[in-house]
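Here is the structure we will look at, set down as structure tokens.
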Number of protein chains: 2
Amino acid sequence: MRADSSPSGINRRVLLSSLALLPALFGAPAPAAAQTQTAQGNLLDSWNDGPAKRAILEFVRATTDQSDANFVPPEERIATFDQDGTLWVEHPIYSQVVYCLDQVPTAVEKDPELRNVEPFKTILSGNRGAIATLSLHDLEKIVVATLTGMSVDEFGAEVGKWITNAKDERWKRPYTDLIYQPMLEVMQHLRSNGFRTYIVTGGGQDFVRVYSDRTYGVPPEQVVGTAGGTKFAYHKDGTPFLTKEPKLLLNDDKAGKPEGIHLMIGRRPRAAFGNSDGDREMLEYTGAGPGARLMMLLLHDDAKREYAYGPAQGLPETKIGTFSQSLYDEAKRKNWTVISMKNDWKRVFAFEA
Amino acid sequence: MRADSSPSGINRRVLLSSLALLPALFGAPAPAAAQTQTAQGNLLDSWNDGPAKRAILEFVRATTDQSDANFVPPEERIATFDQDGTLWVEHPIYSQVVYCLDQVPTAVEKDPELRNVEPFKTILSGNRGAIATLSLHDLEKIVVATLTGMSVDEFGAEVGKWITNAKDERWKRPYTDLIYQPMLEVMQHLRSNGFRTYIVTGGGQDFVRVYSDRTYGVPPEQVVGTAGGTKFAYHKDGTPFLTKEPKLLLNDDKAGKPEGIHLMIGRRPRAAFGNSDGDREMLEYTGAGPGARLMMLLLHDDAKREYAYGPAQGLPETKIGTFSQSLYDEAKRKNWTVISMKNDWKRVFAFEA
């Protein structure tokens with residue numbers, strides 16, 4: 001009774017959570033911003049003094065001080081971070097969606113029949129107006145064609161090439177340059193105090209694992225993400241390999257985040273960081289355990305240095321990384337810390353002066 | 001699009017891999033063996049000198065010597081261990097099956113209507129002859145009733161109580177006393193040389209995580225096992241909790257082992273230990289990577305101190321932990337090491353004199 005032999009309809013339940021909003025990609029603003037790269041900061045150097053910085057420092061102090069009532073044994077020091085919008089830029093569209101679109105020519109090369117089939121035909125046309133009208137069902141086909149059907153090793157090699165070469169349209173830099181320096185400092189501060197930092201992302205687990213170590217210092221085994229099944233088989237010479245299957249095992253978003261944390265880690269985090277309604281359940285789950293807990297949400301309120309969106313606190317509406325007023329109110333009610341990008345961060349990216 | 005909202009037929013694909021052989025439980029031999037517990041051994045103290053012990057020592061030496069061509073960077077030092085029959089006794093029947101049967105009264109207490117429903121009625125009767133005739137479908141109902149439907153925390157508490165109190169019929173000791181001292185020494189030797197030791201078991205992931213740390217020194221996040229989905233929900237007071245669902249995500253046996261390793265670890269192991277046909281694919285996958293690799297299979301050829309079964313090498317047939325001749329031949333062909341319990345182990349259990 002093999003999981004991957006399921007005759008169920010689950011084949012069609014692909015990694016769509018990040019795709020419903022594809023059209024937004026094609027109205028992207030592209031103001032340029034050229035800055036000089038600086039070295040990685042020290043202890044929360046990129047944070048202004050304020051309640052957010054103080055909450056982090058106090059949490060780490062208390063949980064690592066053996067004489068403190070809030071001391072946490074090292075093995076229980078688990079901190080989870082959402083990726084899109086929490087560790088790196090998610091606007092105008094998730095980077096992995098750009099990857100999927102960029103891979104369409106490769107998918108067509110492997111399976112030339114796709115060339116004359118929708119939605120591949122439209123994507124290849126480059127007609128942005130037409131692309132923006134594609135349906136959810138069309139997008140599903142793109143995801144299946146670009147994220148599944150190849151071996152795990154082939155997929156890793158493709159993502160590795162792409163992540164090195166692809167550039168964001170606004171900053172004209174690799175996506176991995178667009179990580180938030182203040183959050184990197186939080187991860188480093190936690191790790192140097194015995195915490196293990198996990199990424200818990202709605203993005204693809206196999207995708208993020210390719211660059212997580214060199215980008216965030218998070219090894220593959222500490223990446224929990226939306227995950228599909230794989231299928232074990234043999235090459236003709238008897239060598240075994242794994243193929244990525246179009247079968248969803250974990251949709252690591254909203255309630256799927258605590259479910260994924262249980263599946264992949266098996267411990268309740270002590271600290272959790274997010275930025276949108278997709279992180280609500282992860283923070284609730286983290287906060288529901290006894291002892292010291294730290295829950296933080298990043299509010300994107302800085303259109304000048306990055307983007308501004310909510311709709312919490314009257315910020316512009318968005319479908320990518322929605323931070324609703326009800327989430328904001330829950331945060332206030334439960335003493336979660338809301339980080340204001342504008343006020344709490346001295347700088348956003350490492351490459352800033 | 002939530003993984004747990006699947007309308008598929010997967011609900012019935014429950015954790016059956018360890019259950020097909022339930023009847024074997026009821027023909028168990030029960031010779032007693034009382035011994036004295038001794039302290040945990042040092043460097044492979046419980047191993048006789050021979051090719052198996054030398055293979056382990058040489059692998060660890062080469063992979064941790066920076067001047068050796070087979071040096072492995074610490075982050076890639078991953079070793080995976082099957083549990084049943086590799087780390088602890090699996091005959092006459094897997095311990096988790098005993099757990100499921102022992103939990104039937106609790107399940108009936110929670111849902112009294114089960115009392116008059118088969119197969120619960122038969123289990124409660126205690127009539128071993130009748131129990132031994134139960135069908136696979138009956139057993140599936142027992143698994144669903146005893147491993148799912150409760151919160152993750154309730155399940156952990158139940159397993160914790162059981163594992164402390166339940167005793168094996170032959171040795172009259174807790175199951176966690178029946179771990180193989182030589183394998184514990186291998187795990188310790190690997191860990192003290194920078195390897196992370198993972199359990200990769202066909203048994204239930206949530207089940208094994210309850211005792212893995214105190215029994216093997218393997219923390220919950222390093223247990224990969226057969227895993228079902230969970231469902232996030234709220235108590236009336238708003239506190240969130242996870243319920244164990246009768247939905248199979250990973251059947252961590254045979255091809256499911258490398259698939260589970262990819263899902264949960266995302267790295268190919270450098271060393272893998274098993275004892276049965278269920279471990280074949282894990283060892284093949286481990287061996288297919290470049291550089292130094294260690295693949296070992298434990299052959300149960302010691303009826304006196306433990307059990308003898310194969311049918312490899314003319315040992316008695318079994319349906320629990322089958323070690324086929326074809327697996328034995330593959331091991332020889334590929335230079336995997338077959339450990340003879342009888343010849344390679346000075347002692348089997350820590351409690352032996």
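General remarks:
- Given (1) crowded, with 22+ Cβ neighbours inside 10 Å; (2) on the phi > 0 side of the Ramachandran plot, index of the condition B:GLY314 fails: (1)
- Residue that is touching a Ser or Thr at 6+ places or on another chain (Cβ under 7 Å) and more than 8 Å from every other protein chain (Cβ to nearest Cβ), where the choices are B:GLY225, B:GLY238, B:GLY217: B:GLY225
- Any hit, the range A:116-137, residues being buried (at least 19 other Cβ atoms within 10 Å of the Cβ), touching an Asp or Glu at 6+ places or on another chain (Cβ under 7 Å) and closer than 28 Å to A:PHE81 by Cβ: no
- Of all residues in the range B:94-102, at least one satisfies being under 23 Å from the mean Cα position of the chain (by Cα) and outside any helix (DSSP H, G or I).
- Taking the range B:290-303 as the range and being surrounded by fewer than 22 Cβ atoms within 10 Å (Cβ to Cβ), more than 16 Å from B:ILE56 (Cβ to Cβ) and in contact (Cβ under 8 Å) with a residue 12 or more places away in the chain as the test, the residues that pass are B:GLY291, B:ASP302.
- Residue that is surrounded by the fewest Cβ atoms within 10 Å (Cβ to Cβ), among those in the range B:279-289 that are closer than 19 Å to B:VAL224 by Cα and in contact with a Ser or Thr (Cβ under 8 Å, 6 or more places away or on another chain): B:THR286
- For A:ASP206, the conditions (1) facing another protein chain (nearest Cβ under 9 Å); (2) farther than 30 Å from A:ALA308 by Cα; (3) of a type in the set (Asp, Glu) all hold with the exception of (2).
- Screening the candidates A:VAL338, A:VAL348 for the property of being among the β-branched types (Val, Ile, Thr) and in a loop (DSSP other than H, G, I, E, B) yields one hit, A:VAL348.
- Any hit, the range A:263-281, residues being touching a strand residue (DSSP E or B) at 6+ places or on another chain (Cβ under 6 Å), more than 7 Å from chain B (Cβ to nearest Cβ), closer than 30 Å to A:GLN313 by Cα and among the aliphatic types (A, V, I, L, M): yes
- For B:ASP252, the test of being in a loop (DSSP other than H, G, I, E, B) and crowded, with 20+ Cβ neighbours inside 10 Å is passed.
- Selected residue (only one of B:TYR285, B:TYR198 is farther than 20 Å from A:VAL200 by Cα, modelled with pLDDT of 95 or more, facing chain A (nearest Cβ under 10 Å) and part of a strand (DSSP E or B)): B:TYR198
- Restricted to the range B:107-195, the set of helices (runs of 4 or more DSSP H) holding at least 1 residues that are out of contact with any helix residue (DSSP H, G or I) (no Cβ under 8 Å at 6 or more places or on another chain) and within 25 Å of B:ALA227 (Cβ to Cβ) comprises B:136-147, B:152-165, B:181-191.
- Search result, residues across the range B:52-69 that are assigned to a helix (DSSP H, G or I) and over 19 Å from B:VAL348 (Cβ atoms): B:ARG54, B:ALA55, B:LEU57, B:GLU58, B:PHE59, B:VAL60, B:ARG61, B:ALA62, B:THR63, B:THR64
- Hey, B:SER135 touching a strand residue (DSSP E or B) at 6+ places or on another chain (Cβ under 8 Å) and hydroxyl-bearing (Ser, Thr, Tyr) or not: no
- Taken over the range B:255-282, the criterion of being more than 20 Å from A:LEU248 (Cα to Cα) and in a helix (DSSP H, G or I) is satisfied by B:ASP277, B:GLY278, B:ASP279, B:ARG280, B:GLU281, B:MET282.
- Set side by side, the residues A:LEU25, A:LEU101 differ, and just one is at pLDDT below 50, touching a helix residue (DSSP H, G or I) at 6+ places or on another chain (Cβ under 9 Å) and more than 14 Å from every other protein chain (Cβ to nearest Cβ), which is A:LEU25.
- Applying the condition of being at the interface with another protein chain (Cβ under 7 Å from one of its Cβ atoms) and of a type outside the set (S, T, N, Q) to the range B:251-262 and asking which residue is nearest to B:SER324 (Cα to Cα) yields B:ALA255.
The values are calculated or read from the model by the stated rules, or taken from the named source; none is laboratory data. Being a predicted model, the structure only gives us computed values, none of them experimental. All Cβ positions, glycine included, derive from the backbone under ideal geometry; neighbour counts span all protein chains shown.
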